[in-house]
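Report on one structure; see the data block that follows.
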Amino acid sequence: MTDILWRHRDDGVFQIWRMTDAKITNRTTLVDEVRKPMVGDDPSWSLVGTGDFHNDRKTDILWRHAGDGAFQIWRMDGARIASRSMVVDEQGKPMVGDDPSWHIVGTGDFDADGKADILWRHSGDGAFQIWFMDGARITHRANVVDEQGKPMLGDDRSWSIVGTGDFTGDGKTDILWRHSGDGAFQIWFMDGAKITRRANVVDEQGKPMLGDDRSWSIVGTGDFNADGRTDILWRHRGDGTLQIWCMDGARITHRPTVVDEQGVPMRTEDTSWRIVGTGRFPVQAPAPAPTHGDTVTFDAGPLTSGLPLGGSVHLTVRQNGDFTFSGHAHDSGFDNIDYVISAVLVTASGIAFTFQHAGHVEGTSAGLPFGTPNRNDDFTTTGENPMITRELDGIFAGAHLLATIAGEDTLVGGLQGMLGDLLSQAAEAIGKAAVAAVVALVV
């Protein structure tokens with residue numbers, strides 16, 4: 001699955017939309033090494049690519065400095081920066097790309113070694129070069145050649161590279177082009193730095209696809225439907241609608257519209273946010289909870305939603321099977337909100353204990369004209385279940401608590417849909433396709 005990386009134009013804050021096919025499952029803010037929200041407001045650094053440079057199945061972020069052309073890679077652990085490294089050349093010296101005639105036009109795994117490489121294009125003769133990477137180190141460089149092995153020059157300026165990705169599922173990155181006139185698309189299928197063949201993109205009926213509607217722009221590529229082949233992400237310049245062309249090689253199979261957590265078509269009209277990358281930013285499994293004798297505690301939060309609604313949850317589990325589930329919700333907006341908090345405690349073996357709470361918080365409108373709205377709602381629920389005692393070893397050995405909050409009237413899929421999405425995230429957090437069993441403790 002491919003996620004979407006956004007950046008705010010003013011303060012440089014980043015947000016990740018975690019996706020399942022064309023549906024947003026959750027949104028999270030990118031944080032630094034000490035888990036503080038990351039602000040990329042230094043205009044001298046530009047984000048020039050995303051890719052898995054370390055072969056850990058997690059996407060990293062590539063930066064270039066406008067002054068000396070230095071490069072830096074943020075190695076990511078989900079939505080958290082784990083470390084930062086300067087790109088070095090074959091001899092281990094810091095790499096400076098200060099020749100303005102060369103531009104990065106894509107990233108991808110061109111040699112199928114599991115590590116992202118960097119694609120360059122020369123602004124003069126249109127020559128292409130690939131830096132083959134091992135993490136933040138260049139291992140070698142190769143000029144792109146055509147089917148006959150001759151150096152490839154892309155000096156026809158009516159064609160622009162608009163994306164890279166593995167369109168055939170062979171593990172090697174290909175190059176997507178778009179014509180500035182009729183909007184035709186072509187894919188160069190690659191084997192390392194060599195073009196093996198070229199094909200025009202066709203629609204569902206096999207007819208050549210022309211993207212001559214300039215109100216739509218390609219904003220990313222990635223395998224959104226997890227079929228092993230790269231798809232194409234579009235954004236409408238007017239209402240901000242997002243659409244995915246799901247691809248099978250050079251053929252469009254279908255085109256779903258991106259929807260939010262409740263299944264409603266997503267509009268991104270706020271032009272202060274723009275898509276700066278795509279990739280896999282998986283949910284991080286929280287650190288194991290602290291234990292105190294026969295008791296273990298878990299915390300999740302701060303929780304955010306698509307509304308002016310936030311909160312947090314706290315869970316205490318005891319050896320005798322008792323538990324205390326408590327939480328907090330806050331309304332920071334104008335309208336009153338009926339909310340739902342869902343939480344899942346998942347063990348390493350895949351046993352999932354579920355909790356849900358519905359409540360009400362008030363916005364500014366509740367206090368008009370002279371009253372004070374009740375913006376906060378705190379709750380506590382206690383109970384007991386023998387499954388807690390039975391699964392005690394797994395809970396104490398490093399279970400993880402995940403939680404989410406939403407407005408009740410936005411839940412198109414209902415409470416079960418909300419909980420189902422959270423169970424999928426819980427399974428991903430422990431590296432499994434699905435949880436093994438579900439035990440409902442609070443419903």
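The values are calculated or read from the model by the stated rules, or taken from the named source; none is laboratory data. Worth saying up front: this structure is predicted, and the values here are computed from it rather than measured. Glycine also receives a Cβ, built like all others from the backbone with ideal geometry; neighbour counts cover every protein chain displayed. Surface accessibility is based on the protein's heavy atoms, side chains included, excluding ligands, DNA and RNA. Shrake-Rupley method; radii C 1.70, N 1.55, O 1.52, S 1.80 Å.
Anything in region 406-430 that is open to solvent by 70 Å² or more (accessible area, probe 1.4 Å) and part of a loop (DSSP other than H, G, I, E, B)? List them, or say none. Can you show your working first?
Kept after step one, since they are open to solvent by 70 Å² or more (accessible area, probe 1.4 Å), are these residues of region 406-430: 408-409, 412, 415-416, 424, 428.
Selection gives VAL412 alone.
Sort out which residues of region 307-322 are surrounded by 23 or more Cβ atoms within 10 Å (Cβ to Cβ) and either modelled with pLDDT of 90 or more or among the acidic types (Asp, Glu) (or both), and write them in order of number.
VAL313, LEU315, VAL317
Which one of ILE138, ILE118 is outside any loop (DSSP other than H, G, I, E, B), in contact with a strand residue (DSSP E or B) (Cβ under 9 Å, 6 or more places away or on another chain) and under 16 Å from THR173 (Cβ atoms)? Step through it out loud before you land on a result.
Numbers: ILE138 fails: under 16 Å from THR173 (Cβ atoms).
That would be ILE118, the only listed residue that is outside any loop (DSSP other than H, G, I, E, B), in contact with a strand residue (DSSP E or B) (Cβ under 9 Å, 6 or more places away or on another chain) and under 16 Å from THR173 (Cβ atoms).
Taking interchain pairs and intrachain pairs at least six residues apart, which have beta carbon atoms under 8 angstrom, with the first residue in region 253-264 and without any contact (Cβ under 8 Å) to a residue 12 or more places away in the chain and the second open to solvent by 40 Å² or more (accessible area, probe 1.4 Å) and of a type outside the set (Ser, Thr, Tyr)?
none
Suppose we filter ASP111, ASP89, ASP21 for residues that are surrounded by 14 or more Cβ atoms within 10 Å (Cβ to Cβ), on the phi > 0 side of the Ramachandran plot, touching a strand residue (DSSP E or B) at 6+ places or on another chain (Cβ under 9 Å) and not hydrophobic (A, V, I, L, M, F, W, C); which single one remains?
Details: ASP111 fails: on the phi > 0 side of the Ramachandran plot; ASP89 fails: on the phi > 0 side of the Ramachandran plot.
Selected residue: ASP21, the only one of ASP111, ASP89, ASP21 that is surrounded by 14 or more Cβ atoms within 10 Å (Cβ to Cβ), on the phi > 0 side of the Ramachandran plot, touching a strand residue (DSSP E or B) at 6+ places or on another chain (Cβ under 9 Å) and not hydrophobic (A, V, I, L, M, F, W, C).
Which of the residues spanning region 195-241 are of a type in the set (S, T, N, Q), outside any loop (DSSP other than H, G, I, E, B) and at pLDDT below 95? Walk me through how you get there before you give the answer.
Pass one, region 195-241, residues of a type in the set (S, T, N, Q): 196, 200, 205, 215, 217, 221, 225, 230, 241.
Now narrow it down to the ones that are outside any loop (DSSP other than H, G, I, E, B): 196, 200, 217, 221.
Within region 195-241, just SER217 meets the criteria.
Conditions tested, residue by residue: (1) touching a residue at least 12 places away in the same chain (Cβ under 8 Å); (2) touching a helix residue (DSSP H, G or I) at 6+ places or on another chain (Cβ under 9 Å).
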| site | (1), (2) |
| --- | --- |
| THR372 | no, yes |
| ASP378 | yes, no |
| GLY414 | no, no |
| LEU422 | yes, no |
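Give the residues of region 388-405 that are farther than 11 Å from THR295 by Cα and open to solvent by 30 Å² or more (accessible area, probe 1.4 Å), sorted by residue number. So that I can check it myself, show each step before the final result.
Kept after step one, since they are farther than 11 Å from THR295 by Cα, are these residues of region 388-405: 388-391, 393-394, 397-405.
Answer for region 388-405, where residues must be farther than 11 Å from THR295 by Cα and open to solvent by 30 Å² or more (accessible area, probe 1.4 Å): THR389, ARG390, GLU391, ASP393, ALA397, THR404.
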